[in-house]
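Here is the structure we will look at.
The values are calculated or read from the model by the stated rules, or taken from the named source; none is laboratory data. Note that this is a predicted model, so its numbers are computed, not measured. Using ideal geometry, Cβ is built from the backbone for each residue, glycine included, and neighbour counts are taken over all protein chains shown. Just the protein is used for accessible areas: all its heavy atoms, side chains included, with ligands, DNA and RNA removed. Shrake-Rupley method; radii C 1.70, N 1.55, O 1.52, S 1.80 Å.
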Amino acid sequence: MKTIISLVFLTLFSCTSITKMPEQAFSPGKQIAFSRDKGNCLACHAIEDGEYPGNIGPALKALSTRFKNKQQLREQIWDATQFNPETSMPPFGKNKIISSEEIDQVVDYLWGIE
Amino acid sequence: MALDNRFQASMMHTDTTALIHTIDFLLMIPYPKKSAKLIMGNPLWRRLSLILISFLIALPLYATPKQDQAAFRKHYQLVFPQLKLADYANGVYAIDEIARQSWLAIEEFPPYETAIEEGKKLFNTAFSNGKHYAHCFPNKGIADEYPKWSKTQGEVITLAIAINNCRTSQHEPALPYEKADMVNLLAYLSHTSRGKPIHVTIPKNDPRAMSAYEQGKAFYYQRQGQLNFSCATCHIQNAGKKLRSEILSASLGHTSNWPTYRLKWGEIGSLHRRFAECLTQIKAEPLPEQSVEFRNLEYFLSYMGNGIPISGPSTRK
(Lines give C-alpha, C1' and ligand atoms only; values in the text may rest on other atoms or scores of the structure.)
Protein backbone atom coordinates (compact mmCIF):
# COMPACT_ATOMS: atom_id res chain seq x y z
CA MET A 1 0.00 0.00 0.00
CA LYS A 2 2.70 2.41 1.07
CA THR A 3 4.70 1.84 -2.09
CA ILE A 4 1.66 2.38 -4.29
CA ILE A 5 0.93 5.68 -2.60
CA SER A 6 4.54 6.73 -2.96
CA LEU A 7 4.52 5.78 -6.63
CA VAL A 8 1.37 7.78 -7.30
CA PHE A 9 2.87 10.72 -5.46
CA LEU A 10 6.14 10.39 -7.32
CA THR A 11 4.57 10.32 -10.76
CA LEU A 12 2.30 13.21 -9.92
CA PHE A 13 5.08 15.32 -8.57
CA SER A 14 7.81 14.12 -10.90
CA CYS A 15 7.81 17.41 -12.75
CA THR A 16 9.42 19.00 -9.75
CA SER A 17 11.92 16.28 -8.91
CA ILE A 18 15.57 17.07 -9.43
CA THR A 19 17.61 15.16 -11.97
CA LYS A 20 21.23 14.51 -11.09
CA MET A 21 23.74 16.82 -12.68
CA PRO A 22 26.86 15.41 -14.31
CA GLU A 23 29.00 17.22 -11.77
CA GLN A 24 32.33 15.71 -12.81
CA ALA A 25 32.32 17.78 -15.99
CA PHE A 26 32.18 21.05 -14.02
CA SER A 27 35.00 23.27 -12.80
CA PRO A 28 35.61 22.98 -9.04
CA GLY A 29 33.89 26.32 -8.40
CA LYS A 30 30.84 25.33 -10.40
CA GLN A 31 30.65 21.99 -8.61
CA ILE A 32 30.67 23.71 -5.23
CA ALA A 33 28.08 26.27 -6.30
CA PHE A 34 25.74 23.61 -7.73
CA SER A 35 26.19 20.83 -5.17
CA ARG A 36 23.35 20.53 -2.65
CA ASP A 37 25.62 19.77 0.27
CA LYS A 38 28.14 22.52 -0.54
CA GLY A 39 27.06 25.97 -1.77
CA ASN A 40 23.65 24.92 -3.03
CA CYS A 41 23.45 28.39 -4.57
CA LEU A 42 20.86 27.08 -7.04
CA ALA A 43 18.43 26.85 -4.14
CA CYS A 44 18.04 30.61 -4.46
CA HIS A 45 19.82 31.78 -7.64
CA ALA A 46 19.55 30.98 -11.33
CA ILE A 47 23.08 30.23 -12.58
CA GLU A 48 23.87 29.33 -16.19
CA ASP A 49 22.53 25.85 -17.02
CA GLY A 50 21.67 24.93 -13.42
CA GLU A 51 18.39 23.01 -13.31
CA TYR A 52 15.37 24.05 -11.23
CA PRO A 53 16.86 27.14 -9.66
CA GLY A 54 15.03 28.98 -6.90
CA ASN A 55 14.17 32.66 -7.24
CA ILE A 56 14.87 34.03 -3.78
CA GLY A 57 17.99 35.88 -4.95
CA PRO A 58 18.84 37.48 -8.33
CA ALA A 59 20.26 35.48 -11.24
CA LEU A 60 24.03 35.29 -10.90
CA LYS A 61 25.58 36.63 -14.08
CA ALA A 62 27.64 39.58 -15.27
CA LEU A 63 28.83 39.97 -11.69
CA SER A 64 31.95 41.82 -12.85
CA THR A 65 29.61 44.67 -13.78
CA ARG A 66 27.87 44.60 -10.37
CA PHE A 67 30.92 44.24 -8.14
CA LYS A 68 34.05 46.39 -8.28
CA ASN A 69 36.38 43.43 -7.91
CA LYS A 70 36.56 39.80 -6.89
CA GLN A 71 37.22 40.74 -3.28
CA GLN A 72 33.85 42.49 -3.04
CA LEU A 73 32.07 39.52 -4.54
CA ARG A 74 33.88 37.35 -2.01
CA GLU A 75 32.59 39.54 0.84
CA GLN A 76 28.99 39.03 -0.31
CA ILE A 77 29.42 35.25 -0.21
CA TRP A 78 31.46 35.29 3.00
CA ASP A 79 28.77 37.11 4.97
CA ALA A 80 25.86 38.71 3.16
CA THR A 81 24.50 40.04 6.46
CA GLN A 82 27.19 42.76 6.49
CA PHE A 83 25.39 44.44 3.59
CA ASN A 84 21.85 43.50 4.52
CA PRO A 85 21.12 42.30 8.06
CA GLU A 86 17.75 40.98 6.87
CA THR A 87 19.19 39.02 3.97
CA SER A 88 17.99 35.48 3.27
CA MET A 89 21.45 34.50 2.07
CA PRO A 90 23.38 32.29 4.50
CA PRO A 91 26.79 33.57 5.69
CA PHE A 92 28.80 30.88 3.89
CA GLY A 93 32.26 31.87 5.11
CA LYS A 94 31.46 33.30 8.53
CA ASN A 95 29.41 30.24 9.55
CA LYS A 96 31.86 27.84 7.87
CA ILE A 97 29.24 26.38 5.55
CA ILE A 98 31.96 26.06 2.94
CA SER A 99 35.69 26.65 3.41
CA SER A 100 37.66 29.75 2.54
CA GLU A 101 39.32 27.95 -0.40
CA GLU A 102 35.96 26.77 -1.68
CA ILE A 103 34.67 30.35 -1.62
CA ASP A 104 37.69 31.43 -3.69
CA GLN A 105 36.86 28.75 -6.23
CA VAL A 106 33.20 29.83 -6.37
CA VAL A 107 34.31 33.44 -6.85
CA ASP A 108 36.62 32.41 -9.71
CA TYR A 109 33.80 30.52 -11.35
CA LEU A 110 31.14 33.22 -10.92
CA TRP A 111 33.43 36.03 -12.05
CA GLY A 112 33.78 34.35 -15.43
CA ILE A 113 30.03 34.16 -16.17
CA GLU A 114 29.01 36.75 -18.76
CA MET B 1 19.68 21.61 30.38
CA ALA B 2 21.51 22.35 27.14
CA LEU B 3 18.19 23.21 25.60
CA ASP B 4 17.35 25.58 28.41
CA ASN B 5 20.56 27.47 27.84
CA ARG B 6 20.00 27.61 24.16
CA PHE B 7 16.55 28.97 24.67
CA GLN B 8 17.63 31.61 27.14
CA ALA B 9 20.39 32.73 24.85
CA SER B 10 17.92 33.00 22.04
CA MET B 11 15.49 34.92 24.20
CA MET B 12 18.10 37.52 25.01
CA HIS B 13 18.99 37.87 21.38
CA THR B 14 15.43 38.08 20.30
CA ASP B 15 14.59 41.59 21.32
CA THR B 16 16.66 43.15 18.58
CA THR B 17 16.16 40.53 15.90
CA ALA B 18 12.45 40.32 16.40
CA LEU B 19 12.34 44.05 16.54
CA ILE B 20 14.01 44.49 13.19
CA HIS B 21 11.71 41.92 11.67
CA THR B 22 8.67 43.55 13.11
CA ILE B 23 9.67 47.01 11.97
CA ASP B 24 9.95 45.92 8.36
CA PHE B 25 6.88 43.94 8.88
CA LEU B 26 4.81 46.81 10.15
CA LEU B 27 6.01 49.15 7.49
CA MET B 28 5.51 46.44 4.87
CA ILE B 29 8.97 47.11 3.57
CA PRO B 30 10.02 43.95 1.73
CA TYR B 31 13.26 43.63 3.65
CA PRO B 32 15.12 46.34 1.84
CA LYS B 33 18.71 45.88 0.83
CA LYS B 34 19.17 49.63 1.18
CA SER B 35 18.27 50.08 4.83
CA ALA B 36 21.40 48.33 6.08
CA LYS B 37 23.68 50.35 3.87
CA LEU B 38 21.78 53.42 4.96
CA ILE B 39 22.44 52.75 8.61
CA MET B 40 26.05 51.69 8.14
CA GLY B 41 26.96 54.51 5.81
CA ASN B 42 25.72 57.33 8.02
CA PRO B 43 27.30 59.36 10.78
CA LEU B 44 26.70 58.21 14.31
CA TRP B 45 23.94 60.68 15.16
CA ARG B 46 21.92 59.69 12.13
CA ARG B 47 22.43 56.03 12.85
CA LEU B 48 21.21 56.54 16.40
CA SER B 49 18.17 58.50 15.32
CA LEU B 50 17.29 55.84 12.76
CA ILE B 51 17.46 53.21 15.45
CA LEU B 52 15.42 55.39 17.78
CA ILE B 53 12.74 55.88 15.15
CA SER B 54 12.69 52.13 14.62
CA PHE B 55 12.01 51.61 18.29
CA LEU B 56 9.13 54.04 18.26
CA ILE B 57 7.59 52.38 15.24
CA ALA B 58 8.02 48.92 16.74
CA LEU B 59 6.30 49.73 20.00
CA PRO B 60 2.76 48.77 18.97
CA LEU B 61 3.92 45.22 18.38
CA TYR B 62 4.64 44.80 22.01
CA ALA B 63 1.05 45.67 22.73
CA THR B 64 -1.36 42.88 21.86
CA PRO B 65 -1.47 39.55 20.06
CA LYS B 66 -4.43 40.98 18.13
CA GLN B 67 -2.16 43.58 16.61
CA ASP B 68 0.47 40.95 15.80
CA GLN B 69 -2.22 38.96 14.09
CA ALA B 70 -3.41 41.93 12.06
CA ALA B 71 0.13 42.74 10.88
CA PHE B 72 0.84 39.07 10.10
CA ARG B 73 -2.25 38.81 7.92
CA LYS B 74 -1.81 42.18 6.29
CA HIS B 75 1.59 41.07 5.05
CA TYR B 76 0.20 37.96 3.36
CA GLN B 77 -2.78 39.87 1.98
CA LEU B 78 -0.36 42.09 0.11
CA VAL B 79 1.64 39.14 -1.22
CA PHE B 80 -1.36 36.93 -2.03
CA PRO B 81 -4.31 39.27 -2.65
CA GLN B 82 -6.24 36.44 -4.32
CA LEU B 83 -6.40 34.29 -1.17
CA LYS B 84 -9.22 34.23 1.34
CA LEU B 85 -8.41 33.39 4.95
CA ALA B 86 -9.79 29.84 4.67
CA ASP B 87 -7.52 29.12 1.66
CA TYR B 88 -4.48 29.15 3.93
CA ALA B 89 -5.61 25.81 5.36
CA ASN B 90 -4.26 24.25 2.16
CA GLY B 91 -0.68 25.35 2.74
CA VAL B 92 1.48 25.64 -0.33
CA TYR B 93 -1.30 24.21 -2.53
CA ALA B 94 -3.20 27.45 -2.06
CA ILE B 95 -0.51 29.20 -4.08
CA ASP B 96 1.07 26.49 -6.27
CA GLU B 97 -1.50 25.74 -8.97
CA ILE B 98 0.41 22.88 -10.60
CA ALA B 99 1.14 21.01 -7.38
CA ARG B 100 -2.44 21.72 -6.29
CA GLN B 101 -3.86 19.56 -9.10
CA SER B 102 -1.72 16.56 -8.08
CA TRP B 103 -2.63 17.14 -4.47
CA LEU B 104 -6.37 17.22 -5.20
CA ALA B 105 -5.98 13.92 -7.08
CA ILE B 106 -4.24 12.36 -4.08
CA GLU B 107 -6.93 13.61 -1.72
CA GLU B 108 -9.50 11.54 -3.64
CA PHE B 109 -7.98 8.36 -2.16
CA PRO B 110 -6.29 9.80 0.87
CA PRO B 111 -3.38 7.81 2.30
CA TYR B 112 -4.35 8.89 5.83
CA GLU B 113 -7.66 7.04 5.78
CA THR B 114 -6.32 4.10 7.79
CA ALA B 115 -4.90 6.46 10.40
CA ILE B 116 -8.38 7.92 10.98
CA GLU B 117 -9.87 4.43 11.31
CA GLU B 118 -7.15 3.24 13.69
CA GLY B 119 -7.58 6.42 15.71
CA LYS B 120 -11.31 5.91 15.94
CA LYS B 121 -10.79 2.36 17.19
CA LEU B 122 -8.36 3.54 19.84
CA PHE B 123 -10.69 6.34 20.86
CA ASN B 124 -13.50 3.86 21.42
CA THR B 125 -11.44 1.20 23.18
CA ALA B 126 -11.96 1.07 26.93
CA PHE B 127 -9.09 1.74 29.35
CA SER B 128 -8.44 -0.93 32.01
CA ASN B 129 -10.74 0.97 34.36
CA GLY B 130 -13.58 0.57 31.87
CA LYS B 131 -13.69 4.26 30.94
CA HIS B 132 -13.01 5.71 27.46
CA TYR B 133 -11.35 8.79 26.02
CA ALA B 134 -14.88 10.18 25.80
CA HIS B 135 -14.73 10.51 29.59
CA CYS B 136 -12.16 13.30 29.10
CA PHE B 137 -13.37 14.45 25.66
CA PRO B 138 -17.17 14.25 25.63
CA ASN B 139 -17.22 16.10 22.30
CA LYS B 140 -14.75 14.71 19.81
CA GLY B 141 -14.48 17.67 17.44
CA ILE B 142 -12.18 19.73 19.58
CA ALA B 143 -8.94 20.09 17.61
CA ASP B 144 -9.90 23.70 16.82
CA GLU B 145 -9.64 24.63 20.52
CA TYR B 146 -6.03 23.51 20.87
CA PRO B 147 -3.47 24.43 21.95
CA LYS B 148 -4.98 25.76 25.16
CA TRP B 149 -3.49 27.58 28.08
CA SER B 150 -3.84 25.63 31.32
CA LYS B 151 -3.92 27.85 34.37
CA THR B 152 -3.51 24.92 36.74
CA GLN B 153 -0.55 23.43 34.91
CA GLY B 154 0.88 26.80 33.93
CA GLU B 155 1.73 25.69 30.40
CA VAL B 156 0.46 25.35 26.87
CA ILE B 157 -1.54 22.15 26.44
CA THR B 158 -1.57 20.80 22.91
CA LEU B 159 -4.09 18.17 21.88
CA ALA B 160 -1.36 15.50 22.13
CA ILE B 161 -0.59 16.56 25.70
CA ALA B 162 -4.32 16.60 26.51
CA ILE B 163 -4.57 13.02 25.25
CA ASN B 164 -1.75 11.93 27.51
CA ASN B 165 -3.16 13.90 30.44
CA CYS B 166 -6.40 12.01 29.91
CA ARG B 167 -4.55 8.69 29.88
CA THR B 168 -2.59 9.36 33.05
CA SER B 169 -5.72 10.56 34.84
CA GLN B 170 -7.19 7.14 34.00
CA HIS B 171 -4.03 5.35 35.16
CA GLU B 172 -2.89 4.47 31.66
CA PRO B 173 0.72 4.98 30.57
CA ALA B 174 1.39 8.04 28.39
CA LEU B 175 1.80 7.41 24.66
CA PRO B 176 5.06 8.30 22.93
CA TYR B 177 4.41 11.38 20.81
CA GLU B 178 6.12 10.24 17.64
CA LYS B 179 4.51 6.77 17.49
CA ALA B 180 1.53 5.60 15.44
CA ASP B 181 -1.06 5.34 18.26
CA MET B 182 -0.74 9.00 19.22
CA VAL B 183 -0.66 10.21 15.62
CA ASN B 184 -3.69 8.08 14.75
CA LEU B 185 -5.66 9.47 17.68
CA LEU B 186 -4.76 12.97 16.54
CA ALA B 187 -5.83 12.09 13.00
CA TYR B 188 -9.23 10.96 14.26
CA LEU B 189 -9.76 14.00 16.46
CA SER B 190 -8.64 16.31 13.70
CA HIS B 191 -10.96 14.60 11.23
CA THR B 192 -13.93 15.04 13.56
CA SER B 193 -13.06 18.76 13.80
CA ARG B 194 -12.71 19.40 10.08
CA GLY B 195 -14.05 22.71 8.90
CA LYS B 196 -14.22 24.18 12.40
CA PRO B 197 -12.36 27.49 12.55
CA ILE B 198 -9.30 27.49 14.80
CA HIS B 199 -10.07 29.49 17.91
CA VAL B 200 -7.17 29.67 20.28
CA THR B 201 -7.35 32.05 23.20
CA ILE B 202 -4.78 33.80 25.37
CA PRO B 203 -6.47 34.35 28.73
CA LYS B 204 -5.94 37.87 30.02
CA ASN B 205 -6.11 36.84 33.67
CA ASP B 206 -2.85 34.88 33.58
CA PRO B 207 0.29 36.77 32.52
CA ARG B 208 2.11 33.44 32.04
CA ALA B 209 -0.11 32.71 29.05
CA MET B 210 0.96 35.95 27.41
CA SER B 211 4.56 35.14 28.16
CA ALA B 212 4.22 31.69 26.54
CA TYR B 213 2.79 33.40 23.46
CA GLU B 214 5.65 35.91 23.41
CA GLN B 215 8.20 33.10 23.68
CA GLY B 216 6.60 31.29 20.77
CA LYS B 217 6.69 34.47 18.75
CA ALA B 218 10.33 35.11 19.68
CA PHE B 219 11.27 31.60 18.61
CA TYR B 220 9.55 32.16 15.28
CA TYR B 221 11.56 35.30 14.52
CA GLN B 222 14.85 34.07 15.98
CA ARG B 223 17.57 33.41 13.43
CA GLN B 224 19.30 30.13 14.14
CA GLY B 225 21.30 27.27 12.77
CA GLN B 226 24.38 27.32 10.62
CA LEU B 227 22.34 28.82 7.77
CA ASN B 228 21.23 31.65 10.06
CA PHE B 229 17.53 31.56 9.14
CA SER B 230 14.42 32.23 11.15
CA CYS B 231 11.05 30.69 10.34
CA ALA B 232 10.15 34.15 9.07
CA THR B 233 13.07 34.21 6.62
CA CYS B 234 11.42 31.46 4.60
CA HIS B 235 7.74 31.62 5.45
CA ILE B 236 7.24 35.41 5.64
CA GLN B 237 10.08 37.13 3.80
CA ASN B 238 10.13 34.61 0.95
CA ALA B 239 6.64 33.13 1.03
CA GLY B 240 5.54 32.42 -2.54
CA LYS B 241 9.10 32.34 -3.81
CA LYS B 242 10.96 29.24 -4.89
CA LEU B 243 13.63 27.55 -2.86
CA ARG B 244 14.97 25.29 -5.61
CA SER B 245 11.79 23.78 -7.04
CA GLU B 246 9.90 24.17 -3.76
CA ILE B 247 7.46 27.06 -3.37
CA LEU B 248 7.50 28.39 0.18
CA SER B 249 4.13 28.48 1.94
CA ALA B 250 2.79 31.19 4.22
CA SER B 251 2.94 30.46 7.94
CA LEU B 252 -0.67 31.52 8.18
CA GLY B 253 -2.62 28.27 8.43
CA HIS B 254 0.46 26.18 9.25
CA THR B 255 -1.31 24.56 12.20
CA SER B 256 -4.57 23.61 10.46
CA ASN B 257 -3.66 20.47 8.48
CA TRP B 258 -2.19 18.13 11.11
CA PRO B 259 -1.33 15.37 11.36
CA THR B 260 -0.27 15.09 7.73
CA TYR B 261 0.71 12.21 5.47
CA ARG B 262 3.95 13.17 3.78
CA LEU B 263 5.45 11.40 0.79
CA LYS B 264 8.87 12.17 2.19
CA TRP B 265 8.04 10.36 5.45
CA GLY B 266 6.01 7.62 3.78
CA GLU B 267 3.64 7.92 6.71
CA ILE B 268 1.49 10.31 8.66
CA GLY B 269 3.27 12.54 11.16
CA SER B 270 2.80 15.47 13.50
CA LEU B 271 3.20 19.22 13.27
CA HIS B 272 6.14 19.13 15.68
CA ARG B 273 7.89 16.58 13.52
CA ARG B 274 7.57 19.10 10.67
CA PHE B 275 8.93 21.89 12.88
CA ALA B 276 11.93 19.71 13.69
CA GLU B 277 12.53 19.03 10.02
CA CYS B 278 12.58 22.74 9.17
CA LEU B 279 15.13 23.24 11.96
CA THR B 280 17.28 20.40 10.63
CA GLN B 281 17.10 21.98 7.18
CA ILE B 282 18.80 25.11 8.45
CA LYS B 283 21.29 23.00 10.40
CA ALA B 284 19.88 24.01 13.77
CA GLU B 285 19.43 21.54 16.63
CA PRO B 286 15.97 19.96 16.22
CA LEU B 287 13.85 19.96 19.39
CA PRO B 288 11.79 17.02 20.66
CA GLU B 289 8.07 16.82 19.94
CA GLN B 290 6.01 18.52 22.64
CA SER B 291 9.00 20.42 24.02
CA VAL B 292 8.01 23.69 25.69
CA GLU B 293 9.55 25.62 22.80
CA PHE B 294 7.50 23.80 20.16
CA ARG B 295 4.31 24.07 22.18
CA ASN B 296 4.78 27.83 22.59
CA LEU B 297 5.57 28.11 18.89
CA GLU B 298 2.38 26.22 18.10
CA TYR B 299 0.47 28.54 20.44
CA PHE B 300 1.77 31.60 18.59
CA LEU B 301 1.14 30.15 15.12
CA SER B 302 -2.33 28.89 16.01
CA TYR B 303 -3.28 32.29 17.33
CA MET B 304 -2.08 33.85 14.08
CA GLY B 305 -4.30 31.33 12.27
CA ASN B 306 -7.48 31.84 14.28
CA GLY B 307 -10.50 31.56 12.01
CA ILE B 308 -8.82 29.24 9.51
CA PRO B 309 -10.68 25.92 9.33
CA ILE B 310 -9.11 22.69 10.57
CA SER B 311 -8.18 20.71 7.45
CA GLY B 312 -6.34 17.79 9.04
CA PRO B 313 -5.45 15.13 8.45
CA SER B 314 -4.05 16.08 5.09
CA THR B 315 -1.39 15.14 2.56
CA ARG B 316 1.75 16.98 1.57
CA LYS B 317 4.77 16.26 -0.52
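For B:Glu214, what accessible area in Å² do you get when you roll a 1.4 Å probe over the heavy atoms of the protein chains, rounding to the nearest 10?
50
Just list whichever of A:Lys38/A:Lys61; B:Lys151/B:Lys317; A:Lys61/B:Lys241 have alpha carbons separated by over 29 Å in the model shown.
Numbers: A:Lys38/A:Lys61 20 Å; B:Lys151/B:Lys317 38 Å; A:Lys61/B:Lys241 20 Å.
Cα-Cα > 29 Å for B:Lys151/B:Lys317; rest within.
Starting from the Cα of B:Lys74, draw a straight line to each of the aspartates and glutamates and keep only those under 19 Å, dropping any in the same chain fewer than 8 residues away.
B:Asp24, B:Asp87
Excluding residues fewer than 8 places away in the same chain, name every one of the aspartates and glutamates whose C-alpha is closer than 18 Å to that of B:Lys140.
Once the sequence-local aspartates and glutamates are set aside, what remains near B:Lys140 is B:Glu113, B:Glu117, B:Glu118, B:Asp181.
If amide H atoms are built 1.01 Å from N in the plane of the peptide, which residues on other chains or at least 5 residues away come under 5 Å of the amide H of B:Gln224?
Placed amide hydrogens put B:Phe229, B:Ser230 under 5 Å from B:Gln224.
Amide H to amide H, which residues 5 or more places from B:Asn257 or on other chains are under 5 Å from it, using H placed in the peptide plane?
Residues meeting the amide H criterion: B:Ser311.
How about B:Lys264: which aspartates and glutamates have a C-alpha closer than 17 Å to its C-alpha, ignoring those fewer than 8 places off in the same chain?
B:Glu107, B:Glu178, B:Glu246, B:Glu277
Amide H to amide H, which residues 5 or more places from B:Glu267 or on other chains are under 5 Å from it, using H placed in the peptide plane?
Amide H to amide H, under 5 Å and 5 or more residues apart or across chains, B:Glu267 pairs with B:Arg262.
Show me you know the interface measure: the accessible area buried between B and A, both chains summed, probe 1.4 Å, in Å² to the nearest 100.
Values: alone 16250 and 7680 Å², together 20970 Å².
Separately minus together, B and A give about 3000 Å² buried.
Taking every pair of alpha-carbon atoms in segment B:196-305, what share in percent sits in each 5 Å bin, from 0 to the bin with the longest distance?
Over segment B:196-305, the share of Cα pairs per 5 Å bin runs 2, 11, 19, 25, 23, 12, 5, 2, 1, 0 percent.
When the C-alpha atoms of segment B:135-238 are aligned to their principal axes, what extent does each axis show, in angstrom, from largest down?
Result for segment B:135-238: principal-axis Cα extents of 44, 35, 30 Å.
How big is segment B:83-317 along each principal axis, measuring the range of its Cα positions in Å and listing the largest first?
Principal extents (Cα only, largest first): 53, 45, 32 Å.
Taking only protein heavy atoms and a 1.4 Å probe, what accessible area per residue, in Å², does segment B:83-317 have with all protein chains in place? All intermediate terms of the calculation are to be shown ahead of the outcome.
Details: 9380 Å² over 235 residues.
So segment B:83-317 comes to 40 Å² accessible per residue, rounded to a whole number.
Compute, for B:Arg262, the solvent-accessible surface of its heavy atoms (probe 1.4 Å) with the complete set of protein chains present, and express it in square angstrom to the nearest 10.
20
To the nearest 20 Debye, how big is the dipole of segment B:129-264 about its Cα centre, given +1 on the beta carbon of each Lys and Arg and -1 on that of each Asp and Glu?
Working: 17 positive and 9 negative charges, 70 e Å.
About 340 debye.
Which of the GluC sites (Glu not before Pro) found in segment A:18-91 are in a DSSP loop and have at most 13 neighbouring Cβ atoms, other than their own, within 10 Å?
On the way: sites: A:Glu23, A:Glu48, A:Glu51, A:Glu75, A:Glu86; in loops: A:Glu48, A:Glu51, A:Glu86.
Hits after loop and neighbour filter: A:Glu51.
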